[in-house]
Amino acid sequence: MAKVVKPAKPLPARKAISPAAAKGIRARQIAASEPVAPKKAAGRTKKPLAPERIAAIIDALAKTYPDAVCALHHSNAWELTVATILSAQCTDARVNMVTPALFHAYPTPKAMAHATPEELQPILSSLSFFRMKAKSLVGAAKVVTEEFGGKVPQTMDEMLRIPGAARKTSNVVLGSWYGIASGVVVDTHVLRLSRRLELTENDDPVKVERDLMQIIPQTEWINFSHRLIHHGRQICDARKPKCVDCSLETLCNSGDKTWASH
């Protein structure tokens with residue numbers, strides 16, 4: 001009589017891993033591949049500006065955010081200039097909700113130059129400081145039209161002549177659109193993370209930019225700011241950083257860490 005072979009029990013189904021969990025696993029793998037920054041004291045790194053530590057931070061960010069780009073929606077240098085001026089004290093997501101109607105109504109610097117701030121205000125009313133920003137945009141449009149022939153300039157000195165375009169806006173446009181590394185974009189995320197990572201002791205954006213330009217290779221200025229901004233939005237939150245899912249965790253000794261492996 002033939003022996004009856006019982007069918008094998010099916011293997012239990014594996015639980016699906018959520019995208020957030022997968023990102024956390026990947027971040028911890030990256031962190032484990034980087035060196036550990038020795039502590040000098042609680043919340044202090046022994047040699048925060050050591051070249052090997054700076055290189056490791058750049059490397060970890062590059063592995064975590066290889067495709068990071070500017071989050072502001074734009075199709076030309078003028079639109080990026082406008083969007084960046086509007087992003088002051090406001091989220092990029094909110095700006096991206098407003099700019100389609102703005103660019104439809106005023107598609108060129110010349111068109112916006114012929115408008116009044118009062119005409120722009122209803123479109124911008126959901127943004128912080130919208131009256132001041134409306135005035136800046138009209139002024140910026142006039143300067144770009146009258147002084148630069150309707151084209152956004154490609155040098156820092158010329159960009160700074162545009163109303164509302166301080167160094168942050170100028171660096172965003174020059175770096176993201178023209179690919180010119182004239183400096184490091186210092187927004188609220190870059191400022192906060194640079195201090196947490198002990199890359200600077202300053203809290204003035206201009207001074208922070210100066211400090212970063214001294215320790216970050218110029219070839220990395222554009223990508224470094226993009227990646228640090230993404231990291232600030234996704235992981236290194238101002239109030240409760242997600243340190244357990246941070247690819248910079250072994251390199252960071254910030255006093256307000258929520259989790260530490262060393």
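Kindly establish whether P66 is modelled with pLDDT of 95 or more and either open to solvent by 70 Å² or more (accessible area, probe 1.4 Å) or not acidic (D, E) (or both).
Yes: the conditions hold for P66.
Please verify whether H73 is within 20 Å of L228 (Cα to Cα) and open to solvent by 40 Å² or more (accessible area, probe 1.4 Å), treating the condition exactly as stated.
For H73, the condition - within 20 Å of L228 (Cα to Cα) and open to solvent by 40 Å² or more (accessible area, probe 1.4 Å) - is met.
Could you list, in sequence order, all residues of segment 92-136 that are more than 22 Å from K151 (Cα to Cα) and part of a loop (DSSP other than H, G, I, E, B)?
Matches in segment 92-136: S125, S126, L127, S128, F129.
Does W259 count as aromatic (F, W, Y) and without any contact (Cβ under 8 Å) to a residue 40 or more places away in the chain?
The answer is yes for W259.
Report, by residue number, each residue of segment 171-188 that is touching a residue at least 40 places away in the same chain (Cβ under 8 Å) and within 18 Å of I54 (Cα to Cα).
Hits for segment 171-188 are V184, V185.
Which pairs have Cβ atoms under 7 Å, sit 6 or more apart or on different chains, and link a residue in segment 99-115 that is within 18 Å of L127 (Cα to Cα) to one that is open to solvent by 60 Å² or more (accessible area, probe 1.4 Å)?
T99/H73
Filter segment 244-258 down to residues that are within 16 Å of Q234 (Cα to Cα) and open to solvent by 20 Å² or more (accessible area, probe 1.4 Å), then give me how many there are.
Qualifying residue count, segment 244-258: 4.
Among the residues that make up segment 92-99, is at least one of them under 22 Å from I235 (Cα atoms), open to solvent by less than 30 Å² (accessible area, probe 1.4 Å) and β-branched (V, I, T)?
yes
Could you figure out which of (1) at pLDDT 95 or above; (2) over 17 Å from the mean Cα position of the chain (by Cα) isn't true of G175?
Unmet condition: (2).
Of all residues in segment 30-69, how many are more than 19 Å from H230 (Cβ to Cβ) and not in a helix (DSSP H, G or I)?
Looking only at that region, the number is 16.
Within segment 161-180, restricting attention to residues that are surrounded by fewer than 20 Cβ atoms within 10 Å (Cβ to Cβ) and of a type in the set (A, V, I, L, M), which residue is farthest from I222 (Cα to Cα)?
Looking at the filtered set, the residue picked out is A166.
Among the candidates T145, T84, single out the residue that is part of a helix (DSSP H, G or I), within 16 Å of the chain's Cα centre (by Cα) and touching a residue at least 12 places away in the same chain (Cβ under 8 Å).
Answer to the check: T84.
Which of the residues belonging to segment 25-59 are polar (S, T, N, Q) and within 15 Å of S254 (Cβ to Cβ)?
T45
Out of all the residues in segment 181-197, which are among the polar types (S, T, N, Q) and surrounded by fewer than 20 Cβ atoms within 10 Å (Cβ to Cβ)?
T188
Please verify whether Q121 is at positive phi, surrounded by fewer than 21 Cβ atoms within 10 Å (Cβ to Cβ) and either assigned by the TED database to the domain that holds G150 or of a type outside the set (D, E, K, R) (or both), treating the condition exactly as stated.
It is false that Q121 is at positive phi, surrounded by fewer than 21 Cβ atoms within 10 Å (Cβ to Cβ) and either assigned by the TED database to the domain that holds G150 or of a type outside the set (D, E, K, R) (or both).
The values are calculated or read from the model by the stated rules, or taken from the named source; none is laboratory data. Just so it is clear, the model here is predicted, and its values are computed rather than measured. Ideal geometry is used to build each Cβ from the backbone, glycine not excepted, and the neighbour counts take in all protein chains shown. Calculation scope for accessible area: heavy atoms of the full protein, side chains included, ligands and nucleic acids excluded. Shrake-Rupley method; radii C 1.70, N 1.55, O 1.52, S 1.80 Å.
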